[in-house]
Amino acid sequence: MTILGRITFSAVSLKRVSRVSFARYQLSFSQSTKRSYISIKMGSTDDKTSMARGSLIVLEGLDRSGKSSQCAKLLSYLQSNGFSVEAWRFPDRTTAIGQMISSYLLNESQLDDRAIHLLFSANRWEKRALMERKLKSGTTLIVDRYSYSGVAFSAAKGLDLQWCKAPEEGLIAPDLVLYLDIPPEKAAERGGYGNERYEKLEFQKKVAEYYYALCDSSWEVVDGCLKMEVVEEKLRELTMNCILKCQNGKPLVNLWSGN
Ligand SMILES: Nc1ncnc2c1ncn2[C@@H]1O[C@H](COP(=O)(O)OP(=O)(O)OP(=O)(O)O)[C@@H](O)[C@H]1O
Ligand SMILES: Cc1cn([C@H]2C[C@H](O)[C@@H](COP(=O)(O)O)O2)c(=O)[nH]c1=O
């Protein structure tokens, strides 16, 4: 048996949980001083009826919108509630491709706009197989930036939007994109702004326009100017709903195959 995680429930969420198929899951109930939990266990990978999986949850937003802070908070919340969860980020600067990207972002090297776009995409492709294995084995991934950053930042340089999307096709589509919405001027006031290549106000304004053009049904737009704790609470709720749907067998699909 694989323990997928525990769900904090209220009277409302319990209704949803009660629809979980008992053929596929074992549910067990426990109570702590403040909260009640349902532990959901999934059959082994040999069990062909088992479709429960982890969720792919992506945080997106302008530079300094609060993504990394919120990823860390979400990770520790899910871990402390017993979920199998990992935090990822793109670019993943630990790989050989990631190091080329990092040197470009730090203005230590120069690259053609299309070449760096394809490197960012390749950096996601080199993690795709691992991502699929993790999700199918029940691990939820909280990912700091993904293909939406790839397209929004390159399109803001003037590259064609469809051209930018093409190399992303076939990557796994996120189950939920949490977009932290913040006016570029406000982001520029936050600490650490200006250290890397793209942290320039006029450029970030264009990036914001392309982000809005990419918004689809997987997106939830959250006001990134709210207090950190308020943002945190909103993200928790959206994340828990998403995790439940994936545990209920929501299929994995690929990004942008249809448009
Ligand atoms: N809701 C908030 N209100 C005020 N300050 C915030 C809020 N969220 C984050 N910050 C602060 O803004 C700064 C940037 O936050 P963070 O590093 O999480 O953003 P980011 O989106 O990951 O940035 P980048 O994309 O540039 O890596 C940090 O100093 C952080 O403490
Ligand atoms: C994934 C990705 C990112 N970018 C840009 C966005 C940011 O300006 C940097 C990454 O900075 P972080 O502090 O490590 O988040 O790179 C991009 O242009 N294309 C991409 O695919």
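The values are calculated or read from the model by the stated rules, or taken from the named source; none is laboratory data. Just so you know, these numbers come straight off a predicted model, no measurement behind them. Positions of Cβ are generated from backbone atoms using ideal geometry, with glycine treated the same way; all protein chains shown enter the neighbour counts. These accessible areas exclude ligands, DNA and RNA; they are computed on the full protein's heavy atoms, side chains included. Shrake-Rupley method; radii C 1.70, N 1.55, O 1.52, S 1.80 Å.
General observations
- Residues of the range 136-148 classified as within 16 Å of ligand 2 (Cβ to nearest atom) and either open to solvent by 10 Å² or more (accessible area, probe 1.4 Å) or of a type in the set (Lys, Arg) (or both), total: 1
- Figure legend. Inter-residue proximity from the range 95-108: first residues free of Cβ contacts under 8 Å to residues at least 24 places away in the same chain and farther than 16 Å from residue 121 by Cβ, second residues of a type in the set (Gly, Ala, Ser) and open to solvent by 30 Å² or more (accessible area, probe 1.4 Å), beta-carbon distance below 8 Å, spacing 6+ or different chains. Indicated pairs: 103/109.
- The residues in the range 158-170 that are closer than 18 Å to residue 122 by Cβ and open to solvent by 10 Å² or more (accessible area, probe 1.4 Å) can be counted, and the count is 7.
- Only a single criterion out of (1) out of contact with any Ser or Thr (no Cβ under 7 Å at 6 or more places or on another chain); (2) part of a loop (DSSP other than H, G, I, E, B); (3) closer than 23 Å to residue 245 by Cβ is not satisfied by residue 135, namely (2).
- Every residue from the range 204-233 that is among the hydrophobic types (A, V, I, L, M, F, W, C) and either under 15 Å from residue 151 (Cβ atoms) or part of a loop (DSSP other than H, G, I, E, B) (or both): 207, 208, 213, 214, 215, 219, 225, 226
- Here residue 121 clears all of (1) within 11 Å of ligand 2 (Cβ to nearest atom); (2) open to solvent by 40 Å² or more (accessible area, probe 1.4 Å); (3) polar (S, T, N, Q) except the condition numbered (2).
- Residue count for the range 198-240, restricted to those that are under 13 Å from residue 177 (Cα atoms), open to solvent by less than 80 Å² (accessible area, probe 1.4 Å) and without any contact (Cβ under 8 Å) to a residue 40 or more places away in the chain: 2
- When residues in the range 60-92 are screened for being in a helix (DSSP H, G or I), more than 11 Å from ligand 1 (Cβ to nearest atom) and open to solvent by less than 30 Å² (accessible area, probe 1.4 Å), 3 of them pass.
- Single match in 152, 187, 208, 213 (criterion: closer than 25 Å to residue 239 by Cα and away from ligand 2 (no atom under 14 Å from the Cβ)): 213
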